[in-house]
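Taking it in order: structure first as structure tokens, then the write-up.
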Amino acid sequence: RALLISDLSGLDGKAEDEDDEDSEEEEEEEEASAAALCIGVGSFSDPNDLPGLAHFLEHMVFMGSEKYPSENGFDAFLKKHGGSDNASTDCERTIFQFDVQRKRFKEALDRWAQFFICPLMIEDAIDREVEAVDSEYQLAKPSDSHRKEMLFGSLAKPNHPMSKFCWGNAQTLKTEPKEKNINVYKRLREFWKRYYSAHYMTLAVQSKGRYSIVLTPLRNGLEKSSLSPFETPAFNKLYRVVPVRKVHALTITWALPPQEKHYRVKPLHYIAWLIGHEGTGSILSMLRRKCWALALFGGNSETGFDQNTTYSIFSISITLTDEGFQNFYEVAHLVFQYLKMLQTLGPQQRIYEEIQKIEANEFHYQEQTDPIEYVEDICENMQLFPKEDFLTGDQLMFDFKPEVVISAALNLLTPEKANLLLLSPEHEGQCPLREKWFGTQYSVEDIQQHWRELWAGYFDLNQSLHLPAENKFIATDFALKTSDCPDTEYPVRIMNNDRGCLWYKKDNKFKIPKAYVRFHLISPVVQKSPKNLVLFDLFVNILVHNLAEPAYEADVAQLEYKLVAGEHGLVIKVKGFNHKLPLLFNLIVDYLADFSAAPDVFSMFAEQLKKTYFNILIKPEKLGKDVRLLILEHSRWSTIQKCQGLLDGLSVDELMEFVGSFKSELYAEGLVQGNFTSAVSFHTFYTYTACILEVPVLFRVVELPQKHHLCKVKSLNKGDANSEVTVYYQSGPKNLREHTLMELLVMHMEEPCFDFLRTKETLGYHVYPTCRNTSGVLGFSVTVETQATKFNTELVETKIEEFLVNFGEKMNSLSDEAFKTQVTALVKLKGCEDTHLGEEVDRNWTEVVTQQYVFDRLSREIDALKLMTKAELVNWFMEHRGEGNRKLSVHVVGYGVEENDPPSEEQPAAREEEEEGSKMSLYGEVSKLTFLPASTLLASATTITDIRAFISTLNLYPYHKILK
């Protein structure tokens with residue numbers, strides 16, 4: 001079954017010939033073309049003796065075809081022509097998608113189709129690609145959400161596909177098959193032949209032009225299991241879990257009969273809308289008043305794990321405070337009281353119609369999405385809905401069926417059918433059980449008798465809980481405003497004084513009744529000290545908390561707001577239907593002006609912030625960035641220093657004093673874009689008193705010495721095998737032309753980097769080059785995320801060096817045609833028309849928030865690209881690789897045998913043997929770094945073991961912006 005989405009806009013209603021190159025060149029802007037294929041088979045179909053085979057096949061089919069045998073040929077083709085691709089395996093579906101310049105779409109489509117017609121899947125590639133699958137699994141292991149899923153799946157009946165290990169790893173796809181004499185190559189071929197068949201496939205294609213694509217009609221899909229997976233003694237218990245992050249969370253889960261067939265009613269969406277409500281009378285409102293919870297999410301995520309042909313999950317996850325954790329049974333009781341109220345009152349037509357109206361407004365005035373995302377959604381919808389609902393089935397609510405459908409689902413959400421999962425670091429040492437694949441520590445117990453008896457019988461409703469009132473924020477005026485000033489291509493400054501400035505652009509391109517309002521409230525007090533940064537984080541978190549209830553109705557009426565603690569000030573982002581947008585913006589401003597923090601709320605967020613900083617620093621990629629920028633950016637305070645500042649202790653009085661200083665020294669910059677007139681925008685502008693000094697919104701950057709420096713730090717997540725290696729070359733303060741040259745270089749580097757470091761050397765799942773703009777100072781880097789169970793970080797660095805040497809040789813022999821092709825691809829990417837207003841706003845906002853204001857940057861970069869020569873590009877790379885280069889390597893070193901750590905299996909046993917008083921914790925100390933020495937492998941590098949001492953001797957570049 002295939003769906004062709006042909007965009008004839010700008011073609012006078014005539015489909016253009018794909019090969020008409022002259023007209024192609026004349027077009028200044030073009031959209032990418034995209035295709036996506038969904039196969040109605042996933043990891044539920046894995047054979048029992050080869051867990052992860054469906055996921056492995058998704059990897060293998062992309063490694064060359066009989067017609068196009070080059071292993072990385074498709075990726076290389078896409079990179080040359082400004083394209084990208086991806087694939088994913090779910091429980092019952094596998095999706096492949098790609099996009100590319102329209103001119104190259106026909107050829108790309110043929111290359112892509114060959115993967116499903118005649119993939120090579122050569123035996124030699126199997127062992128190498130298993131390592132990529134294993135690396136993906138290792139990267140997923142520290143994720144609490146993945147760990148919860150695997151633990152939950154293990155509760156299913158043994159013969160149900162839910163209990164399968166869907167990820168696959170080296171053990172299941174390499175080691176065990178060898179021991180059992182299973183021929184993985186042969187089994188892959190059999191799986192492909194059986195399931196990668198047209199009658200399981202749906203295809204969506206979006207492009208301008210004419211296409212002729214034929215697939216055989218969709219026949220009945222796979223045989224589905226009719227088992228109810230969770231009718232087992234293991235369900236309806238309390239599971240205590242030790243999480244990776246520092247978080248207290250309660251998840252209450254029900255396994256319901258499959259609900260996909262009720263997509264026209266969407267009963268779980270209706271129930272989730274009420275459960276997740278945050279206004280007065282809601283569960284979260286009450287929990288926040290008690291300082292027991294910070295957030296609540298309810299419903300069904302519609303992933304294959306949550307919703308498939310055998311069951312539908314309904315879960316309620318609550319992020320608890322320390323006090324909420326101590327009272328988790330009372331928290332669960334409040335949830336059950338709310339559900340009982342909903343069951344007693346029955347489904348409410350007023351509320352259903354309100355949700356229906358909100359969803360319909362959003363659908364009718366939705367902004368276009370990127371073609372690659374759109375075709376991915378549509379090809380999956382084609383598996384789920386009849387053809388008349390391909391475009392709407394996942395978005396709209398059609399029929400209100402209170403008794404037959406909504407009540408049927410709602411009445412199953414009872415305490416005796418629920419399973420409780422409680423995550424907390426406090427459980428460490430009390431959880432003797434381990435989940436097989438992710439090693440999650442957990443324990444299982446019956447729900448306490450007192451609560452079990454209370455919930456089994458009649459219990460009173462809570463009078464403080466009630467349904468939400470009618471929503472006053474739903475837009476009713478969708479008229480497009482008439483401009484009150486001349487139309488402009490870029491934002492214009494309509495206000496500029498010593499208190500701030502305001503940029504404005506009326507939208508006349510997308511013509512939707514929506515608008516974006518963004519403000520940056522800049523203050524010099526933010527970056528004065530780590531303590532101030534911590535107080536600033538507390539201020540923003542508490543402000544968001546104070547706003548949560550009054551602003552929630554606006555939030556559900558598709559008026560989105562976001563408050564972000566930026567590096568130099570508070571960023572306020574508001575968007576949605578312009579009719580009621582000023583109401584929301586004014587509400588935020590009022591709460592900002594009248595900010596207050598109750599002592600219990602302050603204590604709750606101070607505790608939570610400790611957990612937040614910990615959870616950031618245990619991620620190797622976050623720690624790597626923190627260390628790199630701590631070295632490069634002068635006067636930057638790191639998350640580690642913020643951690644130390646928080647541990648020193650803070651008071652409400654200090655917070656209020658900080659907020660007073662912040663508001664008294666403020667400079668505001670704003671951007672209003674969309675369906676507003678300039679008069680309304682001018683009225684929206686709001687500031688406090690003038691700031692005495694201009695506040696720079698960037699850091700000064702250190703000039704690295706002309707030699708190789710290495711900073712190796714141990715990962716702060718104890719027992720996590722994941723390492724990260726980043727090799728960075730500093731260029732210096734440069735102009736727009738050099739920035740574009742760097743982008744072109746990195747574009748040339750992407751595919752060879754992937755081919756060498758991932759496909760051939762199998763160092764890790766994520767390997768990539770990056771163009772770096774560090775406060776205006778240019779550079780580029782190559783990053784590899786690997787595992788200490790397989791590779792030493794220094795060995796990885798030598799492989800990165802080997803790649804750069806090879807790449808240098810390739811650059812020297814670069815043909816004029818290859819150079820021109822890559823330049824054209826980058827020109828096309830930069831000239832690609834915006835798919836929605838938000839894209840244009842993001843680009844303009846970047847110019848405002850960095851105080852650069854080069855709104856026509858893309859067209860300037862395109863002009864620069866057209867004048868570039870091959871010699872310039874080659875020389876640019878060689879300059880960075882030659883004598884006197886400024887090179888900095890940052891290694892975050894994971895735990896594993898390759899880094900001389902004991903095998904992870906030994907660690908828990910060792911802990912158990914220790915005395916209670918000196919018991920080692922899974923949770924490491926994150927307020928200080930552990931620096932590691934270099935081995936003889938990198939003997940030529942100078943090791944950094946004291947960052948402050950190292951940078952104190954270096955010169956600083958002046959403040960620099962890339963303006964011309």
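The values are calculated or read from the model by the stated rules, or taken from the named source; none is laboratory data. The shown structure was predicted, so the numbers you read here are calculated from the model rather than taken from an experiment. Because the Cβ atoms are built from the backbone with ideal geometry, glycine has one as well, and the counts that use them run over all protein chains shown. All accessible areas refer to the heavy atoms of the entire protein, side chains included, with ligands and DNA or RNA removed. Shrake-Rupley method; radii C 1.70, N 1.55, O 1.52, S 1.80 Å.
Measuring between their Cα centroids, segment 425-500 and segment 724-783 lie 37 Å from each other. Judged by the mean number of other Cβ atoms found within 10 Å, the most tightly packed of the peptides 859-871, 88-100 leads the ranking 88-100, 859-871.
Largest first and in whole Å, the equivalent-ellipsoid semi-axes of segment 924-964 read 29, 18, 12, each the square root of five times a Cα gyration tensor eigenvalue.
Which of the three applies to segment 529-625, rounded, prolate or oblate, going by the alpha-carbon gyration tensor with a ≥ b ≥ c and a/c under 1.5 meaning rounded? Verdict is prolate for segment 529-625. Sorting the segments 36-49, 173-186 by their mean number of nearby beta carbons within 10 angstrom, highest to lowest, gives 36-49, 173-186.
Exceedance of the 22 Å cut-off in Cα-Cα distance is limited, within the set 80/961; 562/663; 575/622; 712/790, to 80/961; 575/622.
For segment 733-774, the residues whose amide N sits under 20 Å from a probe point set 7 Å from the Cα of residue 869 along the beta carbon direction are 735-745. From the alpha carbon centroid of segment 41-85 to that of segment 103-182 is 10 Å. Among beta bridges from DSSP that stay inside the chain, the antiparallel ones total about 80%.
Ranked by accessible surface with a 1.4 Å probe, highest first, in what order do 335, 805 come? Kindly include the intermediate steps, with their values, before the conclusion.
Working: 335 0, 805 65 Å².
Per-residue accessible area, sorted high to low, gives 805, 335.
For the peptides 850-856, 484-490, the ranking by mean Cβ contacts within 10 Å, running from highest to lowest, is 850-856, 484-490.
Calculated on C-alpha atoms, the gyration radius of segment 492-698 divided by its Kirkwood radius gives an Rg/Rh of 0.98.
An ellipsoid equivalent to the chain, defined through the eigenvalues of its Cα gyration tensor, has semi-axes of 40, 37, 34 Å when rounded to whole angstrom and sorted largest first.
When a/c reaches 1.5 or more, the comparison of a/b and b/c decides; with that in mind, is segment 364-431 rounded, prolate or oblate per its Cα gyration tensor? Verdict is oblate for segment 364-431. Taken over segment 244-341, the ratio of Cα radius of gyration to 2.2 N^0.38 Å equals 1.13. How much of the accessible area of the chain, in percent, comes from carbon and sulfur atoms when a 1.4 Å probe is used? Carbon and sulfur together cover 50 percent of it. Exceeding 18 Å between C-alpha atoms, which entries from my cross-link table qualify? They are 157/340; 261/401; 481/514; 866/964; 625/964. Those over the limit are 157/340; 625/964.
Of 610/714; 67/799; 611/642, which pairs sit farther than 23 Å apart, going by alpha carbon to alpha carbon?
Values: 610/714 20 Å; 67/799 31 Å; 611/642 12 Å.
As for pairs spanning more than 23 Å Cα to Cα, those are 67/799.
With runs of 4+ DSSP H residues as the only contributors, calculate the mean residue ellipticity of the chain at 222 nm using -39,500 (n - 2.57) per run, divided by the residue total and rounded to the nearest 500.
Details: 30 runs with 360 residues, N = 964.
Helix-only estimate at 222 nm: -11500 deg cm²/dmol.
Gyration tensor analysis over the Cα atoms of segment 343-501 returns equivalent ellipsoid semi-axes of 44, 27, 24 Å (largest first, whole Å).
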